[in-house]
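J.: What follows is a structure written as structure tokens; I'll ask about it next.
The values are calculated or read from the model by the stated rules, or taken from the named source; none is laboratory data. It should be emphasised that the depicted structure is a prediction, and the values quoted were computed from it without experimental measurement. Don't worry about glycine lacking a Cβ; one is built from the backbone with ideal geometry, like all the others, and counts go over all protein chains shown. Ligands, DNA and RNA are stripped out before the accessible areas are found, and what is left, the full protein with its side chains, is counted by its heavy atoms. Shrake-Rupley method; radii C 1.70, N 1.55, O 1.52, S 1.80 Å.
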Amino acid sequence: MNSQDINNLQNAFQYNVNLGSSPNAVSTSPTQSFMNTLPRRLSLSKQQKVLKPFSTGDIKILLLENVNQTAIANFKEQGYQVDFHKGSLPEDELIEKIKDVHAIGIRSKTKLTEKVLKHAKNLVVIGCFCIGTNQVDLEYAAKRGIAVFNSPFSNSRSVAELVIAEIISLARQVGDRSIELHTGTWNKVSNRCWEVRGKTLGIIGYGHIGSQLSVLAEAMGLHVIYYDIVTIMALGTAKQVPTLDELLSRSDFVSLHVPETPETKNMISAPQFASMKDGAYLINASRGTVVDIPSLIMAMKAKKIAGAALDVYPSEPGKNGAGLFADSLNSWTSDLVSLPNVILTPHIGGSTEEAQSAIGVEVSHALSKYINEGASVGAVNFPEVSLKALDYDQENTVRVLYIHKNVPGVLKTVNNILSDHNIEKQYSDSRGDIAYLMADISSVNQSDIKDIYEQLNNTEAKISIRLLY
Ligand SMILES: NC(=O)C1=CN([C@@H]2O[C@H](COP(=O)(O)OP(=O)(O)OC[C@H]3O[C@@H](n4cnc5c(N)ncnc54)[C@H](O)[C@@H]3O)[C@@H](O)[C@H]2O)C=CC1
Ligand SMILES: O=C(O)CCC(=O)C(=O)O
């Protein structure tokens, strides 16, 4: 392979990316700078070949919402270009920025809707540096061949600990006493202040966070019951109850730990408040859409509910700053903030040093592995496929990453194309309408690679292709 050939090949790929029938086609080929490093790399015997099929300096990553420094360090170590922003971006700026990046890292505020993703011509992967993925149109991303990763449990403990603090704070009206004393009022009262020992905590959604909370709460002498749409093994002496209504009617404290879905929208509204015990407390650190706040305000004004702790809201500011949590954001804000025994926190359930640092490492590794090797294990919207990384001594091997529509006959077509070559390994899986095939093809020269690319690119079912070598 001489350098002229490589450049030609790269140009051919570039042509396909820019002018091919599908703007989603993503292909990468080695730049000269990468090829220049090969002889040195190849001298390292039996080392795993890091599949960086391009000068990694070409890869652009947009990081929003103050994603942790551990992630930035990891991406920089890979050689990627990192564009870091502390807050989220307004939609028009996001659309501008997303146009030419290969990866984007967000937390819960950035909405990656179909409208935004339509502009992302080079996007290969999205990293949600959090648990929730409701802010991303997962289905549309998959249709476009864009894999989405998250961190399924690195901040679960932090959320559970915050809820424990809130249970005691609500029972003892700690928030109100603190506000009073900050403004000079000494108000030493025990009226309607309670120990939590012996009370009942009802957990809605007994997943990673709900079950952690269950263990911590029992250690403080609370009885735990939980409601979940699936049957889940109880930890300790907790008990699953069959209906939401039963949970609500038996609990002194109700804590929500469900994802945002159509089914959980306004899951707690006027009828549910009516089912709750008089003087019960509500905690929501899941998603703002899960509780109907005007109904909560009414239930609190009627003294049905004795207190509430909210960490999440239907609309949340995209950045930190004074005056942002106002009626202009959510029309009921001034009503809510004037209520007694309401603890309001700015979506900090998962915001601890431990959680953020762990999430930064976890998600940045998942993204790098997907970019460099094509491994999609852990993706939330995508078939999970992986092949072990190539060794340095596997020369003239190309890794084919072919994302395609899950329709009959595709593997036959693809294998017809690949069958002229030596298929070392192949792994394919599907999820819904999307399928993903990884194959390592050995003994290929540059013209074979170009040929494989062009043939695959012309297949009807193709969504996107990357070739790594
Ligand atoms: N406040 C914060 O900073 C944070 C908030 N979260 C939120 O907490 C949510 C829960 O997190 P995890 O426990 O990690 O999720 P998870 O997926 O481990 O557990 C969720 C549980 O909810 C259950 N569920 C789903 N729909 C339900 C329904 N309609 N009724 C009853 N149960 C239902 C599921 O079966 C599952 O057991 C996340 O989706 C996210 O929105 C997560 C982390 C931090
Ligand atoms: O830390 C964040 O920005 C979001 C936390 C969260 O809500 C999540 O992990 O789902």
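J.: Which one of these does LYS303 not meet: (1) surrounded by fewer than 22 Cβ atoms within 10 Å (Cβ to Cβ); (2) within 11 Å of ligand 1 (Cβ to nearest atom); (3) closer than 21 Å to GLY175 by Cα?
T.: Only one criterion in (1) surrounded by fewer than 22 Cβ atoms within 10 Å (Cβ to Cβ); (2) within 11 Å of ligand 1 (Cβ to nearest atom); (3) closer than 21 Å to GLY175 by Cα is unmet by LYS303, namely (2).
J.: Identify all residues within region 90-108 that are more than 15 Å from ligand 2 (Cβ to nearest atom) and either touching a residue at least 40 places away in the same chain (Cβ under 8 Å) or open to solvent by 10 Å² or more (accessible area, probe 1.4 Å) (or both); write none if there are none.
T.: Of region 90-108, the ones more than 15 Å from ligand 2 (Cβ to nearest atom) are 90-103.
PRO90, GLU91, ASP92, GLU93, ILE95, GLU96, LYS97, LYS99, ASP100, VAL101, HIS102, ALA103 - these are the residues of region 90-108 that are more than 15 Å from ligand 2 (Cβ to nearest atom) and either touching a residue at least 40 places away in the same chain (Cβ under 8 Å) or open to solvent by 10 Å² or more (accessible area, probe 1.4 Å) (or both).
J.: Considering (1) open to solvent by 70 Å² or more (accessible area, probe 1.4 Å); (2) among the polar types (S, T, N, Q); (3) under 13 Å from LEU401 (Cβ atoms), say which one SER428 fails and leave the rest.
T.: SER428 satisfies all of (1) open to solvent by 70 Å² or more (accessible area, probe 1.4 Å); (2) among the polar types (S, T, N, Q); (3) under 13 Å from LEU401 (Cβ atoms) except (1).
J.: Among what's in region 155-175 and is open to solvent by 30 Å² or more (accessible area, probe 1.4 Å) and not small (Gly, Ala, Ser), pick the residue that is nearest to LEU339 (Cα to Cα).
T.: Filtering first and then ranking leaves GLN173.
J.: What single numbered condition from (1) crowded, with 16+ Cβ neighbours inside 10 Å; (2) away from ligand 1 (no atom under 11 Å from the Cβ) fails to hold for ALA322?
T.: ALA322 satisfies every listed condition except (1).
J.: Let me ask you something else. List every residue pair whose Cβ atoms sit under 6 Å apart, with the two residues 6 or more apart in sequence or on different chains, where the first one lies in region 251-272 and is under 16 Å from GLY307 (Cβ atoms) and touching a residue at least 12 places away in the same chain (Cβ under 8 Å) and the second, anywhere, is of a type in the set (Phe, Trp, Tyr) and buried (at least 17 other Cβ atoms within 10 Å of the Cβ).
T.: Hits for this filter: PHE253/TYR281.
J.: Can you give me the number of residues within region 325-356 that are under 18 Å from the mean Cα position of the chain (by Cα), assigned to a loop (DSSP other than H, G, I, E, B) and either more than 16 Å from ligand 1 (Cβ to nearest atom) or of a type in the set (S, T, N, Q) (or both)?
T.: The total comes to 2.
J.: Name the single residue, out of those in region 109-119 being open to solvent by less than 40 Å² (accessible area, probe 1.4 Å) and within 16 Å of ligand 2 (Cβ to nearest atom), that is nearest to ASN320 (Cα to Cα).
T.: Initial filter on region 109-119 (open to solvent by less than 40 Å² (accessible area, probe 1.4 Å)): 110, 112, 116-117.
Narrowing the set further to residues that are within 16 Å of ligand 2 (Cβ to nearest atom) leaves 110, 112.
Working: THR110: 14, LEU112: 20 Å.
The qualifying residue nearest to ASN320 (Cα to Cα) is THR110.
J.: Quickly run through region 181-197 and pick out the residues that are under 39 Å from the mean Cα position of the chain (by Cα) and either farther than 30 Å from LEU235 by Cα or open to solvent by less than 40 Å² (accessible area, probe 1.4 Å) (or both).
T.: Start the filter on region 181-197 by keeping residues that are under 39 Å from the mean Cα position of the chain (by Cα), which leaves 182, 193-197.
Of everything in region 181-197, those that are under 39 Å from the mean Cα position of the chain (by Cα) and either farther than 30 Å from LEU235 by Cα or open to solvent by less than 40 Å² (accessible area, probe 1.4 Å) (or both) turn out to be HIS182, CYS193, VAL196.
J.: So which residues in region 120-133 are open to solvent by 30 Å² or more (accessible area, probe 1.4 Å) and within 8 Å of ligand 2 (Cβ to nearest atom), if there are any at all?
T.: ILE131
J.: Please find, within region 383-438, the residue that is farthest from ILE463 (Cα to Cα) out of those that are part of a strand (DSSP E or B) and of a type in the set (Asp, Glu). Break it down stepwise before answering.
T.: Just the residues of region 383-438 that are part of a strand (DSSP E or B), to begin with: 391, 398-405, 422-431, 434-438.
Still in the list and also of a type in the set (Asp, Glu): 391, 424, 429.
On the way: ASP391: 28, GLU424: 23, ASP429: 15 Å.
Filtering region 383-438 for residues that are part of a strand (DSSP E or B) and of a type in the set (Asp, Glu), the one farthest from ILE463 (Cα to Cα) comes out as ASP391.
J.: Just for region 361-374: of the residues that are aliphatic (A, V, I, L, M) and open to solvent by less than 10 Å² (accessible area, probe 1.4 Å), which one is modelled with the lowest pLDDT? Even if it seems obvious, please write down each step before you answer.
T.: To start, the set of residues in region 361-374 that are aliphatic (A, V, I, L, M) comprises 361, 363, 366-367, 371.
With open to solvent by less than 10 Å² (accessible area, probe 1.4 Å) added as a condition, the list becomes 363, 367, 371.
Values: VAL363: 98, LEU367: 98, ILE371: 94.
Looking at the filtered set, the residue picked out is ILE371.
J.: OK, next. Return the total of residues in region 138-147 being within 16 Å of ligand 1 (Cβ to nearest atom) and either crowded, with 24+ Cβ neighbours inside 10 Å or among the charged types (D, E, K, R) (or both).
T.: Initial filter on region 138-147 (within 16 Å of ligand 1 (Cβ to nearest atom)): 138.
Of the ones still in play, those that are also either crowded, with 24+ Cβ neighbours inside 10 Å or among the charged types (D, E, K, R) (or both) are none.
The number of residues fulfilling the criteria is 0.
J.: To continue, here is another question. Mind listing whichever residues of region 214-240 are open to solvent by 80 Å² or more (accessible area, probe 1.4 Å) and of a type in the set (Ser, Thr, Tyr)?
T.: THR231, THR237
J.: Can you name the residue in region 439-459 that is assigned to a loop (DSSP other than H, G, I, E, B) and in contact (Cβ under 8 Å) with a residue 24 or more places away in the chain and, of all such residues, is least open to solvent (accessible area, probe 1.4 Å)? Spell out the reasoning first.
T.: Looking only at region 439-459, we keep the residues that are assigned to a loop (DSSP other than H, G, I, E, B), and these are 443-445, 458-459.
Subsequent filtering for residues that are in contact (Cβ under 8 Å) with a residue 24 or more places away in the chain retains 443-445, 459.
On the way: SER443: 91, VAL444: 4, ASN445: 81, THR459: 20 Å².
Residue satisfying both the conditions and the ranking: VAL444.
J.: Can you give me the number of residues within region 172-218 that are assigned to a helix (DSSP H, G or I), within 17 Å of LEU310 (Cα to Cα) and in contact with a strand residue (DSSP E or B) (Cβ under 7 Å, 6 or more places away or on another chain)?
T.: 3
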